[in-house]
Each structure stands twice: as structure tokens, then as C-alpha cells.
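Student: This structure is in C-alpha cells; I'll ask about it shortly.
None of the figures in this text is laboratory data; all of them are computed from the coordinates on show. This structure is a prediction, so every number in the text was calculated from the model and none was measured. Every residue, glycine as well, gets a Cβ built from its backbone with ideal geometry; the counts of neighbours run over all protein chains shown.
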Amino acid sequence: MSAAPAAVAASVPAAPPRPRVAWPWGRLRAAALALAIPAGLAVIWHLLTTGRPYSLIPPPAEVWTALVDLAVGGINDDAFSATLLTHLGASLSRVYGGFALAVLFALPLGLLIGRVPLMRQLLDPTFQILRPVPVTAWLPLAMILFGLGPRSAYFLVFLGAFYPILVNTIFGVRSVEPRLFEAASMLGCRGSAQFARVVLPAALPSIFTGLRLGLGFAWVVIVVGEMTGVQTGLGAIIMEARQLSRTEIVICGMIVIGVAGFLSDRIVMLIGRRLLAWSPSHG
């Protein structure tokens with residue numbers, strides 16, 4: 001008699017587990033760890049510079065005041081007041097314009113050099129000779145070729161972003177497993193069709209790594225790119241502030257470049273995670 005209730009109880013489906021409430025402790029901890037070193041450096045900076053009127057490095061409070069005035073004005077009312085958006089917009093256009101040109105040229109060249117032996121023998125030695133030349137060495141030649149102004153800045157940013165994208169694309173294509181090409185050939189995918197069906201998807205993780213590095217280098221060289229006689233841009237105000245001994249404006253420009261580069265990198269990472277959800281290292 002006792003076996004029947006047990007059988008009935010066993011046939012009743014168990015209640016679904018209650019959904020766990022997702023607490024944001026993990027994100028808060030990650031944010032706290034990310035801010036720990038900048039906060040510590042700011043404290044050290046404050047202790048070393050506050051109360052020293054003849055120090056060449058201004059204290060953090062003075063830099064913060066200059067940054068607010070640079071953004072919205074109303075404090076110093078000088079030539080730098082309320083000009084941040086103008087300079088940031090000019091630098092953004094040059095960084096993303098030069099980066100887009102680098103992607104346009106580096107991706108197809110990387111695919112060809114990585115996949116076609118003749119193109120690799122023809123082009124790779126030349127690029128490997130030019131790649132170690134620093135962007136600063138190109139500055140005089142860029143001003144001769146393109147003149148003073150934004151075109152030289154676009155060219156220098158293009159150079160800074162071009163080689164990381166190219167090298168990582170070549171590496172990604174050369175790392176594609178040969179058995180993938182054999183499997184594609186067995187399924188009827190041959191010749192140039194393998195670029196879109198096999199090479200590009202398999203090399204995409206390395207390509208996105210190159211895109212992140214290339215965009216980072218684009219922000220690194222923007223100051224050099226805007227030393228070509230342009231009137232607006234974060235690099236332009238850094239150079240102008242240096243000539244006027246406005247160290248707080250120089251530091252403000254550095255901070256804005258760092259934050260803009262960080263946000264740009266996050267955008268590329270989010271795009272990569274969506275497109276590479278299948279990849280263990282990016283998904």
C-alpha cells in the first residue's frame with residue numbers, strides 16, 4: 001500500500017527552480033579594481049604637487065578645473081575655454097578617417113599576402129622594410145607630399161593603423177588549418193570562393209585583434225598627426241599649450257585622448273564579441 005503514494009509522488013513533475021537574482025557585485029568589483037590604480041596614482045600625484053607653487057606639474061584639482069573650463073567654459077575665459085568638443089570632434093574625424101583608410105587597404109592586402117604565395121613574395125619584403133620606420137620620421141615627408149593641414153594628419157594616422165591590421169590579417173590567414181580548405185573543396189567551394197567562405201571567417205579573430213591594435217595606434221599618433229599645422233584637434237591644443245607653458249591643458253589633452261581611445265577600444269570589442277560569438281577567445 002505504501003508503494004502507490006510513492007509512485008504517484010514520483011510521477012508529479014518537480015517545481016522549476018526559482019530564478020536567481022543577478023546582483024551587480026561582479027561588475028562593481030570589476031569597476032573598483034579598474035579604478036584602484038588610477039585613484040592611487042591620483043592620490044600620489046596630489047601629495048607630491050599640492051602646496052608647491054613653483055612646481056612645473058600642477059596638482060589634480062587644478063587640472064580638473066582646467067578640464068571643466070575646457071569643456072564648458074565659465075572659469076578662465078581664455079582661448080581654451082569651451083573648446084573641447086570642437087577639438088575632440090576634429091581629432092575623432094582624423095582618427096576614424098585614417099583608421100577607415102587603413103582598414104580599406106590593409107585587409108585585402110593581408111588576405112592576398114597571407115593566401116597567395118606570389119603576392120607574399122612580391123609585397124611582404126617591402127612592407128617589412130617600411131614597417132619599422134616610425135611615424136615621426138614620416139612627418140617631414142608627409143608635409144612635403146600633402147602640405148600643411150589635415151591631409152597630412154590623415155596620412156600619418158593611416159600609417160599608424162595600417163601595419164598592425166596588415167600583420168595580424170596575414171597571421172590569421174596563414175594560421176588557417178589546411179584541412180578546412182580540403183573540406184571546402186570536397187563541398188564544392190574552390191578558388192576565389194574560399195576567401196569569403198573559409199579564409200575570412202577563420203582569420204576573423206586575428207583580424208579583430210589587428211583592428212584593436214590599429215585603432216589604438218591611431219590614437220597614439222594623433223598628436224604627431226596634428227603637428228602638421230592644423231588649428232583644431234587634441235594634438236593641436238597640446239602643442240599650443242606646451243608653447244604657452246600651460247601644463248594643465250597638456251595633461252587635460254592627454255586625459256581626453258586616453259578616455260577616447262579606451263571607449264573606441266570598447267566599441268571594437270563589443271562588435272567583435274557579437275561577430276565572434278563562436279570563438280572561445282572572443283565570444
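Student: Dipole of the stretch 84-275, Cα-centred, from +1 at each Lys and Arg C-beta and -1 at each Asp and Glu C-beta, to the nearest 20 debye?
Tutor: Result for the stretch 84-275 is approximately 440 debye, rounded to the nearest 20.
Student: Between LEU85 and LEU148, 0.36 nm times their residue separation minus their Cα-Cα distance comes to what?
Tutor: 20.4 nm
Student: May I ask you to compute the full-extension gain from ASP78 to MET254, defined as 0.36 nm times their residue separation minus their alpha-carbon distance, rounded to one decimal in nm?
Tutor: Taking ASP78 through MET254 to full extension adds about 61.4 nm, to one decimal.
Student: Let me ask something else about it. What's the extension gain from LEU48 to ILE271 if we count 0.36 nm per residue and subtract their Cα-Cα distance?
Tutor: Residue separation times 0.36 nm, minus the Cα-Cα distance, leaves 76.2 nm.
Student: So how far apart, in nm, are the two label points at ALA34 and GLN128 if each is 7 Å from Cα heading toward Cβ?
Tutor: The answer from the label model is 3.9 nm.
Student: May I ask you to list the trypsin sites (Lys or Arg not before Pro) in the stretch 81-190 that are in a DSSP loop and have at most 14 other Cβ atoms within 10 Å of their Cβ?
Tutor: ARG190
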